[in-house]
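The values are calculated or read from the model by the stated rules, or taken from the named source; none is laboratory data. Since this is a predicted model, take the numbers as computed values, not measurements. No Cβ is skipped: glycine too gets one built from the backbone with ideal geometry, and neighbour counts run over all protein chains shown. Surface accessibility is based on the protein's heavy atoms, side chains included, excluding ligands, DNA and RNA. Shrake-Rupley method; radii C 1.70, N 1.55, O 1.52, S 1.80 Å.
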Amino acid sequence: MVSPPIFLMPPPALIAALVTRLRRIPGARYWAAAGLVLISLWVRVLLSPYLASGYGYTCFYPGVILSAYWLGARPGLMAAGLSTVIVYNFMGPTPFSFPTDGRAMVALGFFLVSSLLLIHVLSTIRARLNTLTTKHAQVEALAMGQAELFRDHAQRTTDHLQLISAILQLRAREEADPVVSRVLSNAASRTLVISRTHREFTGGVDRRIPFEAFARKLVEVAAARGGVPSDRVRISGGARDIPLEQATSLGLVLLEYLNTLKAQRASVALAITLDEDGRDRFLNLAVTEGEGPAPDNIPLFEAITEQLGGRLLITRGAPGGGGGGVRITFPAEIQPVESWNPVAVSLH
């Protein structure tokens with residue numbers, strides 16, 4: 001995450017950033033403390049017509065306090081000592097002479113004791129705050145790590161539920177008994193609803209991912225496991241992105257298709273294209289060199305296409321001539337879940 005320019009930061013963040021930078025420069029904190037004391041002196045001179053005569057330290061307390069709080073105990077002590085030197089050597093009735101009258105000594109003692117107490121208290125508070133900040137950062141990092149693990153686990157669960165829904169829908173279409181087919185279809189619909197609810201709970205319902213980068217990653221994973229080499233796969237999808245649920249379905253199709261090409265992985269080349277025409281999108285998996293797989297080796301394609309609310313077209317090239325592929329046409333927007341059709345069956 002890129003931090004904003006320092007001049008655009010709010011005052012607390014600006015001060016924290018400046019102090020952090022000063023700590024990296026040797027001696028810079030002491031020069032900053034001296035600068036705060038000089039500002040206090042300027043305020044003291046500016047208000048001198050309105051202040052009672054005498055050895056007043058009122059305007060120097062802020063410089064000591066801010067030095068101790070922002071810069072540390074040692075710069076705070078230096079600010080207190082420098083303030084004492086300035087008051088007694090430049091603002092007294094006799095410059096460059098240390099006064100010995102009782103009133104001046106009481107003022108000096110009160111200023112030094114109160115400054116030491118302030119520096120001690122502020123240093124203790126700052127040390128406690130630094131400890132709390134460190135512990136808070138550790139706890140936050142641990143919580144973020146656990147949340148990331150939970151999010152990853154939830155995402156995997158959601159994807160698995162979506163796959164199970166497609167398998168149930170496939171079994172429902174292959175089942176001869178109409179009652180069993182309806183039961184399986186209802187189970188597929190319910191599982192998809194659970195998957196979408198789970199995705200919404202994890203905050204991924206509106207998430208979209210770029211298709212080209214997603215497909216390229218899947219191709220690299222498949223190639224590492226003995227699939228078609230990634231240099232023999234051409235991917236084009238422009239700058240289009242797709243919802244996460246559709247990406248899961250299309251990823252299953254792509255991985256299954258790459259798996260069917262393992263046997264002839266060294267002799268085939270594949271083109272993966274995502275096109276768009278109005279409200280519809282088209283996923284094309286075309287074998288440009290070699291021979292594509294037989295339709296019998298693609299059992300999940302129809303179920304996944306139905307889950308997308310789309311249409312499936314599987315083609316084969318001429319024997320020995322190569323070619324063939326898969327084309328899935330589906331709506332760009334996620335389709336509603338198929339309504340349930342309960343079966344009124346009694347066990348008695």
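What to note about this one:
- Test for Ala33: is it closer than 18 Å to Arg126 by Cα and modelled with pLDDT of 75 or more: yes
- Residue in segment 129-138 that is part of a helix (DSSP H, G or I), of a type outside the set (Val, Ile, Thr) and more than 29 Å from the chain's Cα centre (by Cα) present: no
- Within segment 24-49, residues that are over 16 Å from Thr84 (Cα atoms) and open to solvent by less than 50 Å² (accessible area, probe 1.4 Å) have Cβ atoms under 9 Å from residues that are modelled with pLDDT of 85 or more and of a type in the set (Ser, Thr, Tyr) in these pairs: Ala32/Ser67, counting only partners at least 6 apart in sequence or on another chain.
- Hits in segment 223-235 (condition: at pLDDT below 85 and closer than 22 Å to Thr329 by Cα): none
- Annotation note: of Ser267, Ser236, the sole residue that is among the hydroxyl-bearing types (Ser, Thr, Tyr), in contact with a helix residue (DSSP H, G or I) (Cβ under 8 Å, 6 or more places away or on another chain) and either at negative phi or open to solvent by 50 Å² or more (accessible area, probe 1.4 Å) (or both) is Ser236.
- Among residues of segment 185-205 being at pLDDT 70 or above and more than 17 Å from Leu163 (Cβ to Cβ), the one that is least open to solvent (accessible area, probe 1.4 Å) is Asn186.
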